[in-house]
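A.B. asks: Sharing a structure below in structure tokens format, with a few things to ask.
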Amino acid sequence: MRWRRKRSETDFAEEIGAHLELEVDRLRSEGLSLAEAEAAARRRFGNVVAAEERFHESHRWLWWDQARRDVLYAVRVLSRNPGFTLVAVLSLALGIGANALVFSVVNALVLRPLPVAEPDRVVFVEPLGGTTQSFPNYQDLRDRNQTFAGLIGYRMSPMELDSGAGASRIWGYLATGNYFDVLGVAPAMGRFFRQEDDLHPGASPYAVLSYTGWQTRFGADPAIVGKIIRLNRLPYTVLGVAPPGFHGAELFFWPDV
């Protein structure tokens, strides 16, 4: 196999000239004068300049040349109109920011599933009118349930956390004992509370920290499991830490506890 050298623009021009010369010689042998033969050869070949331009364009990255020219032109125009440039930059920034916000909402609501074992099987059960359920009513529904694999109850709630350095306001879930079992989540540290921990009112002063809450509120204390923390001025034993990324069954709510 022999590798052929890529034709240059000079080579291409010489090939055109040779082709025209051969055609001129053939036409002169038919009795045409030199001027007539040259004119007829060029008519039959077509536009020589256009052919050379097509060859030139086929050997260049035209999109790069065009993009470079467009950028240079835009820079010249914008440099002459600083006011317009500022408005254009602000408009682009606002547009990009709005698109990013819309994508974040769509991603959270549509694209990203809940961080649980089987998110496609999770449904929300609410009474007509959106009123809240009492805990005894939840217990009755849970015990009579023959439709779902499990029925949990929870409520978002603001809490006061006393870390020893002063009280701070945090957000958390008040959840039933079967909360983690039904969602199919495994702890990162320690354990979760279970259904048997939830038998008597007030008898289960247990807390599970979110992974983010454990890091930000307790400095990622590796010995946090078993320690007592005070929520709303009451003592709770930390049973465990939830895995990274788990934030419960709400899309835009990230609790600490």
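The values are calculated or read from the model by the stated rules, or taken from the named source; none is laboratory data. This structure is a prediction, so every number in the text was calculated from the model and none was measured. Reconstructed Cβ throughout: ideal geometry from the backbone, glycine too, with neighbour counts over all protein chains shown. The accessibility values were calculated without ligands, DNA or RNA, using every heavy atom of the protein model including side chains. Shrake-Rupley method; radii C 1.70, N 1.55, O 1.52, S 1.80 Å.
A.B. asks: Check off (1) open to solvent by less than 20 Å² (accessible area, probe 1.4 Å); (2) touching a Ser or Thr at 6+ places or on another chain (Cβ under 6 Å); (3) in a loop (DSSP other than H, G, I, E, B) for I224 and give me the number that stays unchecked.
C.D. replies: Every condition holds for I224 apart from (2).
A.B. asks: Only one of these is among the hydrophobic types (A, V, I, L, M, F, W, C), surrounded by fewer than 17 Cβ atoms within 10 Å (Cβ to Cβ), in contact (Cβ under 8 Å) with a residue 12 or more places away in the chain and farther than 24 Å from V122 by Cβ: L174, L234, L161, L251. Name it.
C.D. replies: L234
A.B. asks: Let me ask something else. Residue under question is G202, and the condition is that it be on the phi > 0 side of the Ramachandran plot and either modelled with pLDDT of 90 or more or outside any helix (DSSP H, G or I) (or both); does it hold?
C.D. replies: Yes: the conditions hold for G202.
Residues checked against (1) assigned to a helix (DSSP H, G or I); (2) of a type in the set (D, E); (3) modelled with pLDDT under 80:
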{"site": "L78", "(1), (2), (3)": "yes, no, yes"}
{"site": "V105", "(1), (2), (3)": "yes, no, yes"}
{"site": "L109", "(1), (2), (3)": "yes, no, yes"}
{"site": "L114", "(1), (2), (3)": "no, no, yes"}
{"site": "F124", "(1), (2), (3)": "no, no, no"}
{"site": "T132", "(1), (2), (3)": "no, no, yes"}
{"site": "Y138", "(1), (2), (3)": "yes, no, no"}
{"site": "A149", "(1), (2), (3)": "no, no, no"}
{"site": "S157", "(1), (2), (3)": "no, no, no"}
